[in-house]
Amino acid sequence: MVIDPKKQLVDYWIKEGIIVDKRLIKAFEAVPREDFISPDYVGEAYGDYPLPIGYGQTISQPSTIMIMTEALELRPGDKVLEIGTGCGYQAAILAKMAGPDGKVITTEIIPELAELAKSNLERIYIKNVEVIPVDGSGGFPAYAPYDRIIVTAACPEIPHVLVEQLKEEGVIVAPVGPLHSQQMIKARKEEGKLKTESLGFFIFVPLRGKYGFRS
Ligand code: SAH
């Protein structure tokens, strides 16, 4: 019997209740993770662990990406801000969830990775993502307010400027805490303030820039 590692992941996520939104399963199935990683690791595309993408950065573990995306409660037509594009894989999943009427704005502080993400997304014909090579730790006010914000690098706290750029009733998901381990925070903006819950502990590469960790 041939084992399909992509299907194994989906079965595991459904069994464990990690994915409830059927649209997220479709999004995962539609995006080839192997197209976002270096040829050196292509055999490991569906291993449930992060992989190096160069410049000391990583593509997040598939389960982590699903937990964050599920938590984001993305609806078709949403405008989403991602901070930390990396190779663009998470952005591709967000793009599928937001659909043709939605839009993903994603920021990346390392220009070479922003370029890599752009070409990866173009190669699989994803058109509703704009990759912006900037320090995104303060968000991206030009397109604000956003329905959803996702931070894919560890931040010392949720930058208050991100709360300002989030719509009322909007959701933000971010790994928050010290460099060695962070709590995944899901928060909804209610009457201008964040109502937060923790989704458990994770380890991310650090957020740099103005509101990130000083390097
Ligand atoms: N979303 C990615 C995860 C990339 S890892 C995925 O799909 O797997 C986190 C990324 O955040 C790294 O590429 C890092 O360079 C970037 N980053 C760190 N600080 C940043 C900042 N202030 N603004 C934008 N990107 C940042």
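Within the range 53-81, which residues are part of a loop (DSSP other than H, G, I, E, B) and under 9 Å from the mean Cα position of the chain (by Cα)?
The answer is 60, and nothing else.
Go over the candidates 138, 99, 84 one by one and state the one that is farther than 18 Å from residue 35 by Cβ and either under 15 Å from the mean Cα position of the chain (by Cα) or free of Cβ contacts under 8 Å to residues at least 12 places away in the same chain (or both).
From the options 138, 99, 84, the qualifying one is 84.
Within the range 25-75, count every residue that is under 29 Å from residue 169 (Cβ atoms) and aromatic (Phe, Trp, Tyr).
Counting residues in the range 25-75 that are under 29 Å from residue 169 (Cβ atoms) and aromatic (Phe, Trp, Tyr) gives 1.
Just to be sure before I move on: is residue 212 within 11 Å of the ligand (Cβ to nearest atom), open to solvent by less than 50 Å² (accessible area, probe 1.4 Å), out of contact with any Gly (no Cβ under 9 Å at 6 or more places or on another chain) and in a loop (DSSP other than H, G, I, E, B) in the structure I sent?
Against the criterion (within 11 Å of the ligand (Cβ to nearest atom), open to solvent by less than 50 Å² (accessible area, probe 1.4 Å), out of contact with any Gly (no Cβ under 9 Å at 6 or more places or on another chain) and in a loop (DSSP other than H, G, I, E, B)), residue 212 qualifies.
Within the range 131-149, is even one residue under 19 Å from residue 51 (Cα atoms) and either within 14 Å of the ligand (Cβ to nearest atom) or of a type in the set (D, E, K, R) (or both)? Walk me through it before giving the result.
Let us first name the residues in the range 131-149 that are under 19 Å from residue 51 (Cα atoms), namely none.
The answer is no; no qualifying residue exists.
Search the range 48-59 for residues that are open to solvent by 70 Å² or more (accessible area, probe 1.4 Å) and pair each with any residue that is near the ligand (Cβ under 9 Å from one of its atoms) when their beta-carbon atoms are under 7 Å apart and the residues are at least 6 apart or on different chains.
Close Cβ pairs (under 7 Å, with a partner that is near the ligand (Cβ under 9 Å from one of its atoms)) amount to 49/61; 55/110; 55/113.
Would you check which residues across the range 75-100 are out of contact with any Phe, Trp or Tyr (no Cβ under 8 Å at 6 or more places or on another chain) and within 14 Å of residue 126 (Cα to Cα) and list them?
90, 91, 94, 95, 96, 97, 98, 99, 100
Is it the case that some residue within the range 21-42 is in a loop (DSSP other than H, G, I, E, B), farther than 26 Å from residue 114 by Cα and either of a type in the set (Gly, Ala, Ser) or open to solvent by 10 Å² or more (accessible area, probe 1.4 Å) (or both)?
Scanning the range 21-42 turns up at least one residue that is in a loop (DSSP other than H, G, I, E, B), farther than 26 Å from residue 114 by Cα and either of a type in the set (Gly, Ala, Ser) or open to solvent by 10 Å² or more (accessible area, probe 1.4 Å) (or both).
So residue 157 fits all but one of (1) under 19 Å from residue 33 (Cβ atoms); (2) away from the ligand (no atom under 13 Å from the Cβ); (3) of a type outside the set (Phe, Trp, Tyr); what number is the exception?
Unmet for residue 157, out of (1) under 19 Å from residue 33 (Cβ atoms); (2) away from the ligand (no atom under 13 Å from the Cβ); (3) of a type outside the set (Phe, Trp, Tyr): (1).
If I filter the range 31-79 down to residues being β-branched (Val, Ile, Thr) and within 12 Å of the ligand (Cβ to nearest atom), which single residue comes out as nearest to residue 207 (Cα to Cα)?
Applying the filter and picking the extreme gives 58.
Residues in the range 98-148 that are over 19 Å from residue 74 (Cα atoms) and out of contact with any strand residue (DSSP E or B) (no Cβ under 6 Å at 6 or more places or on another chain): how many?
20
Test each condition in (1) touching a Pro at 6+ places or on another chain (Cβ under 9 Å); (2) more than 16 Å from the ligand (Cβ to nearest atom); (3) hydrophobic (A, V, I, L, M, F, W, C) for residue 187 and report the one that comes out false.
That leaves (1) as the condition not met.
The values are calculated or read from the model by the stated rules, or taken from the named source; none is laboratory data. This is a predicted model, so every value here is computed, not measured. Cβ coordinates were reconstructed from backbone atoms using ideal geometry, including for glycine residues, and neighbour counts include every protein chain displayed. SASA here: full protein model, heavy atoms, side chains in, ligands and nucleic acids out. Shrake-Rupley method; radii C 1.70, N 1.55, O 1.52, S 1.80 Å.
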